[in-house]
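Here is the structure we will look at.
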Amino acid sequence: MADGKVKPIRTEKDYEVALARIDALMDSEPGSAEFDELDVLTDLVELYESKHEPMGYPSPVAAIEFRMEQGKLSPRDLIPFIGSRAKVSEVLSGKRAITMPMARALHEHLGISADVLLRKPGVALEDPLSDMEWSRFPVTAMAKLGWIPDGPELVGRSEEIIRDLIVRAGGRDVAGAALYRKNGPVRANAKMDPYALKAWCWQVLAKANEDRPKADYQRGTVTLDFLKRVARLSWSEGGPRLAREFLAKHGIPLVIVQHLPKTYLDGAAMRLGDGRPVVGLTLRYDRIDNFWFCLLHELAHVGRHLDTDRGNAFVDDMTLRKVAGEREDPREKQADDWAEEALIPKAAWEASAVKDHPTPMAVMNLANALEIHPAIVAGRVRYQQQNYRLLSQFVGTGEVRRLFGTAA
């Protein structure tokens, strides 16, 4: 086939030659003779595989290619999961077997079924739900918040209720996103109930999954400049709603879900099964300044970590930002830095009178100069001085839930 003459595929050797030729033609230009040859060869290979592959599951390569087509991904987008461009080419051509690390990455971040990727006897990803103690989920509190219908014997139906919630969130592929790990990427209170956290995370993912933005998310969208654009929306009285609309236009759901008891939670950055990022906020401290910092902190996790490190989830208790002796993942500080710089650039803060003389006039002057809500400036002063009685007239207590129509 190297001479460009396409031949029928009748034997395993013919099949291997065809795969090698497909590999060589991967970068051919649409409309060229080579591209036409690639198109015909692909059809022939698929026909051969349909006759020789076991019925039922698609082949791992077919599953990957389907996900690429669905998500408009190029072979280059697979490099973070498979390794190098050469390895991607070899996997897609069938010349290289999918290893366990590759399968884990493709399963976690692209939502491809583990059963398809690992079609070998005795090989499978561990079930993230295998050790669940279903009765520990706070189903009564979930019913009080209206997440699930109230009724008799809720605790006895915990497994049924939570499994249904997981299905709505995206199934087993996203179940691991909410699994609390003591040394994982979380800024979490030591008294936090991991089962309440799981339930909250899955509720956020379920709401995002059931009301996805029409726009696709493009990896690399969330940058520091993107955060600055979001911050400027605070200038409007309806800024939080505008922020949700703005993020939806870029394919990012912003979901407001009230916190459960013992979660001590302000926000989280997670992924749906297709890799789309989701920002969840609790509004447990219903203040305008708190809303904007939490939102930008979680967006910073999306841009700095979920898009690059391919982490599963970040959950945050913002009251721990200045806890003495806190052993914290450095990525939390990185997210803080982006959020702070996007809201009030360091140079502007250092040059402003408000840093040393936080008068109401100084707050308004800096807010007007940066075209941001004065609550953001007041919030920075209160945090820097650890005095939350200062400038309370600016921070908009009780305003955010009202804007979103969320009950207290």
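Run down Leu265, Leu272 and say which single residue is under 21 Å from Trp202 (Cβ atoms), crowded, with 22+ Cβ neighbours inside 10 Å and either at pLDDT below 95 or not basic (Lys, Arg) (or both).
Working: Leu272 fails: crowded, with 22+ Cβ neighbours inside 10 Å.
Criteria check complete, one pass: Leu265.
On the basis of being of a type in the set (D, E, K, R), more than 18 Å from Asp266 (Cα to Cα), surrounded by 12 or more Cβ atoms within 10 Å (Cβ to Cβ) and out of contact with any Gly (no Cβ under 8 Å at 6 or more places or on another chain), does Glu341 make the cut?
On the way: of a type in the set (D, E, K, R): yes; more than 18 Å from Asp266 (Cα to Cα): yes; surrounded by 12 or more Cβ atoms within 10 Å (Cβ to Cβ): yes; out of contact with any Gly (no Cβ under 8 Å at 6 or more places or on another chain): yes.
Yes, satisfied.
Considering Asp336, Asp356, which residue is touching a helix residue (DSSP H, G or I) at 6+ places or on another chain (Cβ under 8 Å) and free of Cβ contacts under 8 Å to residues at least 40 places away in the same chain? Break it down stepwise before answering.
Working: Asp356 fails: touching a helix residue (DSSP H, G or I) at 6+ places or on another chain (Cβ under 8 Å).
Result: Asp336 is the single residue among Asp336, Asp356 that is touching a helix residue (DSSP H, G or I) at 6+ places or on another chain (Cβ under 8 Å) and free of Cβ contacts under 8 Å to residues at least 40 places away in the same chain.
I need the full set of residues from region 334-371 which are of a type in the set (Asp, Glu), under 22 Å from Ser236 (Cα atoms) and either assigned to a helix (DSSP H, G or I) or in contact with a Leu (Cβ under 7 Å, 6 or more places away or on another chain) (or both), in order please. Give the steps one after another, and end with the answer.
Of the residues in region 334-371, the ones of a type in the set (Asp, Glu) are 336-337, 340-341, 350, 356, 371.
Adding the requirement that they be under 22 Å from Ser236 (Cα atoms) leaves 340-341, 371.
Listed by number, the residues that qualify are Glu340, Glu341.
Does at least one position in region 168-182 carry a residue that is modelled with pLDDT of 85 or more and in a helix (DSSP H, G or I)?
Yes, region 168-182 contains a residue that is modelled with pLDDT of 85 or more and in a helix (DSSP H, G or I).
Condition first: touching a residue at least 12 places away in the same chain (Cβ under 8 Å), aliphatic (A, V, I, L, M) and open to solvent by 70 Å² or more (accessible area, probe 1.4 Å). Now tell me which residues in region 359-406 satisfy that.
Selection gives Ala369 alone.
So for region 231-240 (the condition being farther than 26 Å from Arg389 by Cα and in contact (Cβ under 8 Å) with a residue 40 or more places away in the chain), does at least one residue qualify?
no
Would you mind stating whether Glu69 is open to solvent by 20 Å² or more (accessible area, probe 1.4 Å), touching a Leu at 6+ places or on another chain (Cβ under 8 Å), part of a helix (DSSP H, G or I) and farther than 12 Å from Leu117 by Cβ? First the steps, then the outcome.
Details: open to solvent by 20 Å² or more (accessible area, probe 1.4 Å): yes; touching a Leu at 6+ places or on another chain (Cβ under 8 Å): no; part of a helix (DSSP H, G or I): yes; farther than 12 Å from Leu117 by Cβ: yes.
Considered against the rule, which asks whether it is open to solvent by 20 Å² or more (accessible area, probe 1.4 Å), touching a Leu at 6+ places or on another chain (Cβ under 8 Å), part of a helix (DSSP H, G or I) and farther than 12 Å from Leu117 by Cβ, Glu69 comes out as no.
The values are calculated or read from the model by the stated rules, or taken from the named source; none is laboratory data. As the structure is a prediction and not an experimental result, all values here were calculated from the model. A quick note on method: Cβ atoms are made from the backbone with ideal geometry, for glycine too, and the neighbour counts reach across all protein chains shown. Ligands, DNA and RNA are excluded from the accessible area calculation, which covers all protein heavy atoms including side chains. Shrake-Rupley method; radii C 1.70, N 1.55, O 1.52, S 1.80 Å.
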